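Visitor: Provided herewith is a single structure, encoded as structure tokens, for subsequent inquiry.
The values are calculated or read from the model by the stated rules, or taken from the named source; none is laboratory data. All values reported here derive from a predicted model rather than from experimental measurement. Heads up, the Cβs are rebuilt from the backbone with ideal geometry, glycines too, and the neighbour counts pull from every protein chain shown. Protein only, heavy atoms only, side chains kept; ligands, DNA and RNA dropped before computing areas. Shrake-Rupley method; radii C 1.70, N 1.55, O 1.52, S 1.80 Å.
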Amino acid sequence: MTTPNLPAYTTLSCTEVSKHVLQVCLNRPEVGNALNTQMALDLLDVWTRLNAGPGELRCVVFTGAGTKIFCAGGDLKERQGMTPQAWQHQHEIFERLYWTLIDLPLPVIGAINGHAYGGGLEMALCCDFLYASQEARFALPEPMLGIMPGMGGTQNLPRAVGERRAKELALTGRPFSAAQACAWGMLNQIAAPDQVLALALETAQCIAANAPLSVKQIKKSIRYGGQMELRTAYRFEVEAYNRLVDTDDRREGVAAFNEKRQPVFKGR
């Protein structure tokens with residue numbers, strides 16, 4: 001196995017589906033894959049390990065167990081009766097896992113197999129891009145519970161669908177369909193429920209076949225460059241580009257092109 005030394009998680013199923021692709025699956029289908037403290041700790045651990053040393057992994061596919069629900073959001077049964085201090089402590093774990101997911105240098109493709117509500121939608125929005133079941137529905141229902149999105153929802157949703165649309169969705173808490181999410185730009189593609197994971201894995205294999213250093217630099221350039229003034233972003237892109245010139249993979253890519261063969265990239 002070429003993955004980092006991942007333990008057996010209580011709430012997750014992690015499978016190396018090929019040499020370079022890891023599938024991470026939320027595995028509490030009996031409660032709609034709701035996010036409880038243990039799942040948050042498990043997710044924080046796996047994302048931290050992948051940040052520290054991905055080994056030969058080049059792409060991650062993130063999905064949920066079952067056919068109906070990706071993640072129903074925070075586990076409100078666990079939260080019933082929590083003191084404010086306990087609630088805030090739990091939320092700090094949630095915050096860390098979301099930030100660690102966003103910071104992952106590997107591309108993360110969300111295979112959203114079903115409904116994603118509240119923290120489930122926020123978690124999906126932390127992925128680099130999303131494929132979803134045509135039957136999936138999405139919502140940020142937090143104002144109906146006396147709280148608000150607190151794991152990137154008020155920031156990532158406007159970046160995906162636009163500020164005015166995001167305000168409407170976040171302030172009303174109304175659910176919206178996969179077709180609407182795709183039309184608004186939140187989803188890259190929708191598919192039949194039994195085809196979503198296969199679609200994500202196919203794309204992951206395509207990414208994994210490319211030069212891994214190039215993939216990491218592209219992801220970094222798009223993410224950070226999008227937060228900069230345009231001329232500064234151009235300079236950031238060139239700096240990222242120049243880091244690839246003196247690499248074995250760049251030499252291998254050019255040699256393979258001229259020799260009319262498939263390149264064998266090593267990530268160095």
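Visitor: Figure the gain on full extension for Lys266 and Met82 (residue separation times 0.36 nm, minus the Cα-Cα span) and round it to one decimal in nm.
Guide: Between Lys266 and Met82, full extension yields an extra 61.3 nm.
Visitor: If you don't mind, another one. Under 20 Å between alpha carbons, and skipping anything fewer than 8 positions from Lys266 in its own chain: which aspartates and glutamates qualify?
Guide: The reachable aspartates and glutamates, counting only those whose Cα sits under 20 Å from Lys266, are Glu16, Glu56, Asp246, Asp248, Asp249, Glu252.
Visitor: Okay, next question. Students often get this wrong, so check it: of Lys77/Lys216; Lys19/Lys167; Lys19/Lys68; Lys19/Lys77; Lys77/Lys219, which have C-alpha atoms separated by over 32 Å?
Guide: Exceeds cut-off: Lys77/Lys216; Lys19/Lys167; Lys19/Lys77; Lys77/Lys219.
Visitor: To continue, here is another question. Give the value in nm², to one decimal: projected area of the alpha carbon convex hull of the range 63-147, averaged over all directions.
Guide: Dividing the Cα hull surface by four gives the mean projection, 6.0 nm².
Visitor: Quick one: Debye curve from the alpha-carbon atoms of the range 1-42 only, equal weights, vacuum; give me log10 I(q)/I(0) at q = 0.14, 0.18, 0.25 Å⁻¹ to two decimals.
Guide: Normalising to I(0) and taking log10 leaves -0.35, -0.54, -0.87.
Visitor: Then there is this: What is the distance in Å between the Cα centres of the range 102-145 and the range 147-225?
Guide: Computed from Cα coordinates, the inter-centre distance equals 7 Å.
Visitor: Looking at Phe138, Asn210, Pro193, which one has the Cα that reaches farthest to the positive end of the dipole of the chain (charges on Cβ: Lys, Arg +1; Asp, Glu -1)?
Guide: Of the candidates, Asn210 comes out farthest on the positive side.
Visitor: Would you calculate the volume per residue, in Å³, of the smallest convex hull containing every Cα atom of the range 22-178?
Guide: 101 Å³
Visitor: For the chain, give the share of DSSP beta bridges that are antiparallel, in percent and rounded to the nearest 5; count only bridges with both residues there.
Guide: 30 percent
Visitor: From Cα coordinates alone, what are the radius of gyration and Dmax values for the range 121-164 in angstrom?
Guide: For the range 121-164, the Cα-based Rg and Dmax read 11.1, 30 Å.
Visitor: Using the heavy atoms of the protein chains alone and a 1.4 angstrom probe, what is the accessible area of the range 23-69 per residue in square angstrom?
Guide: Here the per-residue accessible area is 35 Å².
Visitor: Give me the one-decimal nm value for the distance between modelled label points at Glu202 and Thr154, 7 Å along each residue's Cα-to-Cβ direction.
Guide: Taking the two extended label points, one gets 4.0 nm.
Visitor: Ignoring ligands, DNA and RNA, please state the percent of accessible area on the chain from carbon and sulfur, probe 1.4 Å.
Guide: It is 53 percent, rounded to a whole number.
Visitor: Whose amide H sits under 5 Å from the amide H of Val21, counting only residues 5 or more places off or on another chain, with H placed in the peptide plane?
Guide: The answer is Arg58.
Visitor: Moving to a separate point now. Can you list the trypsin sites (Lys or Arg not before Pro) in the range 181-266 that are in a DSSP coil and have 11 or fewer other beta carbons within 10 angstrom?
Guide: Here the sparse-neighbourhood loop sites are Lys260, Arg261.
Visitor: Then there's this: How high is the FRET efficiency between Trp99 and Ser13 when r is their beta carbon distance and R₀ equals 22 Å, given to the nearest 0.05?
Guide: It comes to 0.45.
Visitor: For volume of the Cα convex hull per residue in Å³, several values are listed as (i) 119; (ii) 150; (iii) 141; flag the one computed from this structure.
Guide: The value matching this structure is (iii).
Visitor: For the chain, which longest stretch is free of loop sites, where a loop site is one of the GluC sites (Glu not before Pro) that DSSP puts outside H, G, I, E and B and that has at most 13 other Cβ atoms within 10 Å?
Guide: With GluC sites (Glu not before Pro) excluded where exposed in loops, the chain gives 1-228 as its longest stretch.
Visitor: Report the Stokes-Einstein translational diffusion coefficient (µm² s⁻¹, integer) for the range 163-228, Rh taken as the Kirkwood radius over Cα pairs, at 37 °C with viscosity 0.692 mPa s.
Guide: For the chosen part, D equals 222 µm²/s.
Visitor: Taking the Cβ-Cβ separation of Asn242 and Ala52 as r and a Förster radius of 35 Å, what is the calculated FRET efficiency to the nearest 0.05?
Guide: Taking R0 as 35 Å, the efficiency between Asn242 and Ala52 is 0.85.
Visitor: Could you do me a favour and compute the accessible area per residue for the range 79-204, 1.4 Å probe, result in Å²?
Guide: With all protein chains present, the range 79-204 gives 46 Å² per residue.
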